[in-house]
1. Just to be sure I understand, how many residues within the range A:450-492 are assigned to a helix (DSSP H, G or I), more than 30 Å from A:P359 (Cα to Cα) and at pLDDT 95 or above?
2. Tell me which residues, restricted to the range A:657-668, are within 14 Å of RNA strand B (Cβ to nearest atom), in a helix (DSSP H, G or I) and either in contact with a Cys (Cβ under 6 Å, 6 or more places away or on another chain) or closer than 14 Å to A:A594 by Cα (or both).
3. Mind checking which residues of the range A:576-635 are within 27 Å of the chain's Cα centre (by Cα) and either in a loop (DSSP other than H, G, I, E, B) or aliphatic (A, V, I, L, M) (or both)?
4. Could you list, ordered by first residue, the pairs with Cβ atoms under 8 Å in which the first is in the range A:421-441 and loosely packed, with under 12 Cβ neighbours inside 10 Å and the second is among the hydroxyl-bearing types (S, T, Y) and in a loop (DSSP other than H, G, I, E, B), at least 6 apart or interchain?
5. Do you know which residues across the range A:287-312 are closer than 20 Å to A:V247 by Cβ and free of Cβ contacts under 8 Å to residues at least 60 places away in the same chain?
6. How many residues does the range A:849-878 hold that are without any contact (Cβ under 8 Å) to a residue 60 or more places away in the chain and in a helix (DSSP H, G or I)?
7. Could you run through the range A:849-869 and say how many residues are surrounded by 14 or more Cβ atoms within 10 Å (Cβ to Cβ) and of a type in the set (G, A, S)?
8. Return the total of residues in the range A:349-365 being modelled with pLDDT under 90 and small (G, A, S).
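The values are calculated or read from the model by the stated rules, or taken from the named source; none is laboratory data. Keep in mind that what you see is a predicted model, and the values were worked out from it rather than measured. Here the Cβ is made from the backbone with ideal geometry for all residues, glycine too, and neighbour counts use every protein chain on show.
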Amino acid sequence: MKELAKTYDPKGMEDQIYKNWEEKGYFHAAVDRSKKPFTIVMPPPNITGQLHMGHALDNTMQDILIRYKRMQGYNALWQPGTDHAAISTEVKVIENLKSQGISKDELGREGFLEKCWEWRREYGGRIVKQLKKIGSSADWERERFTMDEGCSEAVEEVFVKLYEKGYIYKGEKIINWCPVCQTSISDAEVEYEDQHGHFWHINYPVAGEEGRFVQIATTRPETMLGDTALAVHPDDERYKDIVGKNVILPLVGREIPIVADEYVDMEFGTGVVKITPAHDPNDFEVGKRHDLPIINVLNDDATINENGGKYAGMDRYEARKLIVSELEEQGLLVKVEDHDHNVGTHDRCHTTVEPMVKPQWFVAMSELAKPAIAAIEKGELKFVPERFDKTYLHWLENIRDWCISRQLWWGHRIPAYYCDECGEIVVARSKDAPDVCPKCGCTHMHQDEDNLDTWFSSALWPFSTLGWPKSTEELDYFYPTDVLVTGYDIIFFWVVRMVFSGYEHTGKSPFHTVLIHGLIRDDQGRKMSKSLGNGIDPLEVIDKYGADALRLTLITGNAPGNDMRFYWERVENSRNFANKVWNASRFIMMHLEAFDGKDPGLDALYPEDRWILSLVNTVARDVTENMDKFELGIAVQKVYDFIWDEFCDWYIEIVKPRLYAKAEDPKSANAALWTLNTVLTNALKLLHPYMPFVTEAIFTSLHPEEESIMISDWPVYREDWHFAAEESELDHAKDLVRGMRNLRTDMDVPPSKKAKLFVTSAKADVRDIFEKVKHTYMGLAGATEVVVQEGDAGIPGDAVSFVIPDAVVYVPLEDLVDKAKETERLTKERDRLAKELARSKGMLSNEKFLSKAPAEKVAEEKEKQKKYESMMADVEARLAAMKN
RNA sequence: GGAACCGUAGCUCAGCCGGGAUGAGCGCUCGCCUCACACGCGAGAGGUCAGGAGUUCGAGCCUCCUCGGUUCCACCA
């Protein structure tokens, strides 16, 4: 047994412990058919990422589940890996190059990709190192990367398959375009921001009818350059006569038709909408219905293109200004109103997104979504907490096709090849990349320039990491996985896509449970963000208080799926708890040196020994239940309360006199030591998934013969450790000690002043109990001797006394009796009892309660009333005695 | 416009099947450096469970409404 320091200091110790675990190979899960698998795939952090509180929470939760299952004897695999993070990485590398004066185009595709790989080699492992700091017991030997050979193969396989089934298609569609990143982005990547804008009312002259105008309203006047129609509602009486006529597009001079379409809201604006199919998603749809031409007026960088005539080359906002002022000059601008609206922005760079018509690749979602929806109904997939299945279903039921092409270089390139001669498109795996056009036989084939959305590869993560499309042993054994742990913010991006991909490619849901957690906010409830500078670095927390303290803080005091605020005070409390466990263990180990190591047998145990054994047994059962329901916060709270309130504050205190008197009564001390050792060991095990480091440090000191707590067995409930009688006996003892403490406080009796204590009860069984446990309050209550005697509540005048159920205790303290204080105390007690009695009587005189409530409830209430009545009688008697 | 969540002690939050508010952490008051721990021990103070109505023998918990707050989705040119 090693000497332990006076305060727990996680620094240094944690790294050493982690290194040992890793070296021993405890994290590795090999296929072993004799054991049941339990699998979690880690949401792959971006290689550009720095560990933040979200990761810390996410990975702590997964680590807890994995450690728990591993201790239960499962073959627990936590499959880790990292994500190439297409746009994030590309932006980072470009910035990096910029500082060296190099541009992306200068390098060319090959050269740029080389730089990206270099960047990844240099920084890509950083996040993994940080994940290790919080104690993540992932199987790092199996670490994967979304762009490694296997994952890339899976991506191509899926693309080709979906293309062959007709789910992937190329189409001209209106997509969200980021003019700064110069790429398309998916709907999910668009973030709406409230912006103050204007509503410009503009008159469009009706063709051939001098002096007649149609008034429209728009928030983006520059797009009028691309107008190809006006639209009104078919039922709108105001405009019935002009449907079918033409108007002249101001500033441009083009004649465009007026069409009727139900999309128009008669109540809004003027009831006339300009239709710009190239630059508005709704207009695009209207354009399709009415077969309108599409005129794109913007370049990729959001400047006006050659279709914009004299405005060509101007930035979109410059052009807007000029167009408005020219309209004003021509008297066509009717009015300008202030107008607040939501503007779509790119979630990475916050540039206003420009809807554009571009040829892009899409995944048709309606068929693929069906099994993912059915999964919830069939119970093959469940969210914890359950309410998130509504979010999930709502999105799936309204799903749109997924735009998967991105105009980036870093990532998976689209496996499509075009013939320069005849335009033939071939979709093929890269090993089958065509050199010769299958149609015209020419050799001028070139690959699509675009890449796939990052989430395309992430969607395959649960099975691509296990070897799919190859049919590996791992895939067969560990797949489908069990639980996915993630934040609610990526249900759409990721969870949905993994589920439908799982069904499509493996025929199964990739996991049966999705455990959702919330966001960690700052102490004012704000999101932690770089721009606000309010982020708290988990590594700083670990450095100051240790990983265990951070983990405990993140898990407690928060319901699943809810956001939580981060307070340093709470971390401090968690650290204090680690220290409490440390010190309790230190105390126990000091005394264990005298332990003979023999199991004394349950019969040799004292009531308090059986009591704490019974409690730890119950706690093990309850904690297991909670963990199986993913109630991690509740589970650890129970362990915390048990260790601190019951084990430390009561049991260790009760047992001290026996330890100190081990020379006089070695048998008693031995029973206590056995109990201390056993209960502590079990408590440490229950705590280990949450606080792996302290528990390991203590465990290996306590049990030098054992390798690690990580691979020890999870405590299971034992019938022979259940002692109901002792639990109630100890309740009596605790009552008595509390009474005695109160008395001492009220009487200002110093702890050093010991006293003889008389317990009087008319009931034989109650006297029995006190007789059995009387030694337990010798130390705690400061008693020199305890006399249990038969009799009713007769208190000598020179004693102070207090009531506990079915008994009266008095202490002769001649020198210290203070009649006034004692009377006051008893009066308070009487008032409390009177209140209880009134409530109880009220309930028992309620006929409806008596007739309709379950019989045992009524009986219980009657019991209580009896008890109160007897206590009341005692108090009254003593009050009367005080008067004399 | 649709949806979800929240409103419990001064602050931040727990509260399982409806059955005495058993609450936790921090903060506060009082007393203790008691030979594991002052990162501690003991004793306290503090609550109309947002408001209203209903169901029930009984509601923090179920139903409806109102008020206040947060978030997600959709989006009107």
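1. Within the range A:450-492, the first condition is being assigned to a helix (DSSP H, G or I), and the residues that meet it are A:454-458, A:461-464, A:473-478, A:488-492.
Subsequent filtering for residues that are more than 30 Å from A:P359 (Cα to Cα) retains A:462-463, A:473-478, A:488.
Next, only the ones that are at pLDDT 95 or above stay: A:462-463, A:473-478.
Qualifying residue count, the range A:450-492: 8.
2. A:R658, A:L659, A:Y660
3. A:A578, A:V581, A:V619, A:A620, A:V623, A:M627, A:K629, A:F630, A:E631, A:L632, A:I634, A:A635, listed by residue number.
4. A:D435/A:T443
5. A:G287, A:R289, A:D291
6. Here is the first cut: in the range A:849-878, the ones without any contact (Cβ under 8 Å) to a residue 60 or more places away in the chain are A:849-866, A:868-869, A:872, A:876.
From what is left, the residues that are in a helix (DSSP H, G or I) are A:849-852, A:855-866, A:868-869, A:872, A:876.
Residues meeting the conditions: 20.
7. The number of residues fulfilling the criteria is 1.
8. Number satisfying all stated conditions: 0.
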